[in-house]
Amino acid sequence: MSSHHTVLHHEHSLPPKVEGTPTPLWVKIVSAGAGACIAEIFTFPLDTTKVRLQVQNNEEGRPKYRGVFRTLRIMFQEEGARGLYTGLTPAIHRQLGFATVKLGCYDSTKRFYTEIRYRGEEEPTYCPVCIRIFAGVTTGALSVSLAQPTDVVKVRMQAQFGANKGRYSGTMDAYRTIYKTEGMKGLWRGCIPNMARNGIVNVSEVVTYDIIKEMIIRKRLLEDGVLCHLASAIVAGFCGTVVSSPVDVVKTRYMNSSNSQYGNILQCTVSLWKKHGFLGFYKGFFPSLMRLGSWNILTFMSYEQIKLLVHPDAPKYHTVKNRKDSLSSNMTIDGTT
């Protein structure tokens, strides 16, 4: 083997890859959509709990909903199991639009930015964080621009309690009613803050997952497998919740409001600050953490496994436990010898 094909695998280089064919874009898109829908079904009651805690107002006495399990119990007692899943249909619509773009297209977008940045130059073996962030913000914002109406309907359906109870008879009725009473503007209500939120969330979730997963493999802590994906997803879920909660609370309250309640997103933010202070931006944090943590675990693990099931001969990093064996393996970074 010629010297220029030899890669020394020190602690900052990735382990060698087992040979295979690159995963096609359509496989990633299908896997991302399917994985997100699986996660949505299992974690949706927690999402509904989060929305109820975020949109309720505390001006008149003690709030109706306090805490995750109390809120779940009250919803189940008053609305039954169906109440826990109110808004699931638009939520599935949302994931088919959101996840397929923000997760399914992330690798391709990252590759696109890398080629632009290093056009005519030798590309580094480690993708810079700034390129990953640009890719995450791009796919996150783009997913919102395509699927915002589904998010509006999902939030409205989930927030049907108190004075809003019975506002819509079903998903299609919600789409029709919002369009008739508020026009296209109503269906795209909160699009700008949601684009900001999704850009932030995508960086704190997908980009964090990407970085943590690669770091674990690079430092040879775990094989590129289920445990590695699980550890990466847990970190991504926590980071996503901490970073996105303030934007998520404002977005939820604004999207659920009537046209006359808030003039714009800034007014909604100021109103929330005046009434509830800093902690108001973290209303429903614990259910958000439970929801996003479990959602990330299910989404990323389902995504990786479905991707492997559909395209089993994709290249995979092989962690060599013995550093001496790694240095003498005579394999290039792409798995060739």
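The values are calculated or read from the model by the stated rules, or taken from the named source; none is laboratory data. The structure displayed is predicted, hence computed values, not measured ones. No Cβ is skipped: glycine too gets one built from the backbone with ideal geometry, and neighbour counts run over all protein chains shown. We work out accessible area using only protein heavy atoms, side chains counted, and drop any ligands, DNA or RNA first. Shrake-Rupley method; radii C 1.70, N 1.55, O 1.52, S 1.80 Å.
Pop a pseudo-label 7 angstrom from the Cα along the beta-carbon direction at both residue 185 and residue 279 and give the gap in nm to one decimal.
3.7
Using unit Cβ charges (K, R positive; D, E negative) and no other charged atoms, how large, in debye to the nearest 20, is the dipole of region 118-176 about its Cα centre?
That gives region 118-176 a dipole magnitude of about 580 debye.
Determine the dipole magnitude for region 190-303: charges of +1 sit on the beta-carbon of Lys and Arg, -1 on that of Asp and Glu, nothing else is charged, the reference point is the Cα centre, and the result goes in debye to the nearest 20.
Values: 11 positive and 6 negative charges, 86 e Å.
So the magnitude is around 420 debye.
Over region 113-183, give the accessible area per residue in Å² for a 1.4 Å probe, as an integer. Before the final figure, lay out the partial values.
Working: 3610 Å² over 71 residues.
Using a 1.4 Å probe on heavy atoms only, each residue of region 113-183 averages 51 Å².
Roughly how many nanometres apart are two label points built 7 Å out from the Cα toward the Cβ at residue 108 and residue 82?
Here the modelled spin labels are 4.0 nm apart.
If you scale each eigenvalue of the Cα gyration tensor by 5 and take the root, what three semi-axes come out for region 53-180, rounded to whole angstrom and sorted largest first?
For region 53-180, the semi-axes come out at 41, 18, 12 Å.
Just how large is the dipole of region 30-160 about the Cα centre, in debye to the nearest 20, putting +1 at every Lys and Arg Cβ and -1 at every Asp and Glu Cβ?
With only Lys, Arg, Asp and Glu charged at Cβ, the dipole is about 440 debye.
Find which of 239, 276, 288 sits farthest along the positive direction of the dipole of region 223-296, computed with +1 on the beta-carbon of Lys and Arg, -1 on that of Asp and Glu, about the Cα centre.
Of the options given, the answer is 276.
Give 213/275; 102/165; 110/274; 110/251; 219/283 a once-over and call out the pairs whose C-alpha atoms are over 31 Å from each other.
Beyond 31 Å: 213/275; 102/165; 110/274; 219/283.
With a 1.4 Å probe and all protein chains kept in place, how do 122, 214, 40, 79 rank by accessible area, largest first?
Result, largest first: 122, 79, 214, 40.
Expressed as a rounded percentage, what relative contact order does region 160-289 have, with Cα pairs under 8 Å and six or more residues apart?
24
Of 290, 184, which has the most accessible area and how do the rest follow, probe 1.4 Å?
184, 290
Testing the spin-label approximation: label points 7 Å from Cα along Cα→Cβ at residue 242 and residue 173. State their distance in nm.
In this crude label model, residue 242 to residue 173 measures out at 4.3 nm.
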